[in-house]
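Have a look at the structure below before the remarks.
The values are calculated or read from the model by the stated rules, or taken from the named source; none is laboratory data. Computed from a prediction, not measured in an experiment: that's the story for all the values here. Don't worry about glycine lacking a Cβ; one is built from the backbone with ideal geometry, like all the others, and counts go over all protein chains shown.
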Amino acid sequence: GAVVSQHPSWVICKSGTSVKIECRSLDFQATTMFWYRQFPKQSLMLMATSNEGSKATYEQGVEKDKFLINHASLTLSTLTVTSAHPEDSSFYICSASSGHTYEQYFGPGTRLTVT
Amino acid sequence: GQQLNQSPQSMFIQEGEDVSMNCTSSSIFNTWLWYKQDPGEGPVLLIALYKAGELTSNGRLTAQFGITRKDSFLNISASIPSDVGIYFCAGQLDNTDKLIFGTGTRLQVFP
């Protein structure tokens, strides 16, 4: 149980384009989903927290107009990186929590490369 | 952003040896979690700790929630090659779901 998927697993895009990453909870309803970014050899840094049906809460320093988050259902959240630049290249990981416990279950990650 | 301090940063051990790593913070947490991350994958939850002083085991893994609620340790006994990876602690802030991750401990196990 507690499986979280992400799609795509990797994506290469050109500078200035937008990329959408999907995060799905496959066998439970996720009341809260989290988006993290991880640069090489570094730890996970929380970008934003999203609750189903409401606006995401962004961490300090994360541009909400650049990283658009939508949590339209209890099993799906999306992160759209708008007008991507090479410095946005990173490993993006989502996690989901059912709310019954405080445990978060992580997706396999999406590697974004902006050329 | 805030991070927890993990030590050691990396470890190189021989198969069969025991491993110990810890995590410290200047802040109090009400939950401590330990994750393992393999290259190119998301973290996988190993152990969750909910009470100060709690000692919990999961197979060869044992973790403890420090009595001050500002630290935690993870022990791995009789290490095997598949234990290779990066281990992260994570603290959960009081009254929120947010996780603050540690800096990570990279473990290498040699046969």
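So if I check each of A:Lys66, A:Lys14, A:Lys55, A:Lys41, which one is surrounded by fewer than 20 Cβ atoms within 10 Å (Cβ to Cβ), basic (Lys, Arg), within 11 Å of chain B (Cβ to nearest Cβ) and farther than 21 Å from B:Gln92 by Cβ? I'd like the intermediate steps shown before the answer.
Numbers: A:Lys66 fails: within 11 Å of chain B (Cβ to nearest Cβ); A:Lys14 fails: within 11 Å of chain B (Cβ to nearest Cβ); A:Lys55 fails: within 11 Å of chain B (Cβ to nearest Cβ).
Residue meeting the stated conditions: A:Lys41.
Go through region B:25-45 and count every residue that is away from chain A (no Cβ under 11 Å) and modelled with pLDDT under 95.
4
Which condition number in (1) crowded, with 18+ Cβ neighbours inside 10 Å; (2) more than 26 Å from A:Thr49 (Cβ to Cβ); (3) charged (D, E, K, R); (4) within 13 Å of another protein chain (Cβ to nearest Cβ) is the one that B:Asp97 fails?
Only one criterion in (1) crowded, with 18+ Cβ neighbours inside 10 Å; (2) more than 26 Å from A:Thr49 (Cβ to Cβ); (3) charged (D, E, K, R); (4) within 13 Å of another protein chain (Cβ to nearest Cβ) is unmet by B:Asp97, namely (2).
Say whether the condition of being under 19 Å from A:Gln104 (Cβ atoms) and in contact (Cβ under 8 Å) with a residue 60 or more places away in the chain is met by at least one residue in region B:41-63.
Taking every residue of region B:41-63 in turn, none turns out to be under 19 Å from A:Gln104 (Cβ atoms) and in contact (Cβ under 8 Å) with a residue 60 or more places away in the chain.
Any residue that is in contact with a helix residue (DSSP H, G or I) (Cβ under 9 Å, 6 or more places away or on another chain) and over 28 Å from B:Lys36 (Cβ atoms) - is there at least one of those in region A:58-65?
So far as region A:58-65 goes, no, none of its residues is in contact with a helix residue (DSSP H, G or I) (Cβ under 9 Å, 6 or more places away or on another chain) and over 28 Å from B:Lys36 (Cβ atoms).
What number of residues within region A:17-38 satisfy the criterion of being among the acidic types (Asp, Glu) and surrounded by 15 or more Cβ atoms within 10 Å (Cβ to Cβ)?
Selection size over region A:17-38: 1.
Answer yes if at least one residue in region B:79-87 is more than 30 Å from A:Trp10 (Cβ to Cβ), more than 10 Å from the chain's Cα centre (by Cα) and surrounded by fewer than 20 Cβ atoms within 10 Å (Cβ to Cβ), and no otherwise. Don't jump to the end; show me each part of the working.
Step one: list which residues in region B:79-87 are more than 30 Å from A:Trp10 (Cβ to Cβ), which gives B:79.
Now drop any that are not more than 10 Å from the chain's Cα centre (by Cα), which leaves B:79.
In the following step, the residues that additionally are surrounded by fewer than 20 Cβ atoms within 10 Å (Cβ to Cβ) were identified as none.
No: region B:79-87 contains no residue that is more than 30 Å from A:Trp10 (Cβ to Cβ), more than 10 Å from the chain's Cα centre (by Cα) and surrounded by fewer than 20 Cβ atoms within 10 Å (Cβ to Cβ).
Which one of these is buried (at least 21 other Cβ atoms within 10 Å of the Cβ) and assigned to a loop (DSSP other than H, G, I, E, B): B:Gly53, B:Gly42? I'd like the intermediate steps shown before the answer.
Working: B:Gly53 fails: buried (at least 21 other Cβ atoms within 10 Å of the Cβ).
Sole residue among the options that is buried (at least 21 other Cβ atoms within 10 Å of the Cβ) and assigned to a loop (DSSP other than H, G, I, E, B): B:Gly42.
Considering only residues that are of a type in the set (Val, Ile, Thr) and within 14 Å of another protein chain (Cβ to nearest Cβ), look in region A:69-115 and name the one that is surrounded by the fewest Cβ atoms within 10 Å (Cβ to Cβ).
A:Thr101
Just one of the numbered conditions (1) surrounded by 19 or more Cβ atoms within 10 Å (Cβ to Cβ); (2) over 26 Å from A:Gly109 (Cα atoms); (3) within 14 Å of another protein chain (Cβ to nearest Cβ) is not true of B:Gly66; which one?
(3)
Give the residues of region B:100-111 that are assigned to a strand (DSSP E or B), more than 14 Å from chain A (Cβ to nearest Cβ) and at pLDDT below 95, sorted by residue number.
B:Phe110
Among the polar types (S, T, N, Q) and part of a loop (DSSP other than H, G, I, E, B): which single residue out of B:Ser82, B:Ser72, B:Ser20, B:Ser26 fits that description?
Answer to the selection: B:Ser26.
Considering region A:1-19 alone, what residues qualify as being modelled with pLDDT under 95 and not β-branched (Val, Ile, Thr)?
Once the filter is applied, which keeps residues that are modelled with pLDDT under 95 and not β-branched (Val, Ile, Thr), region A:1-19 yields A:Gly1, A:Ala2.
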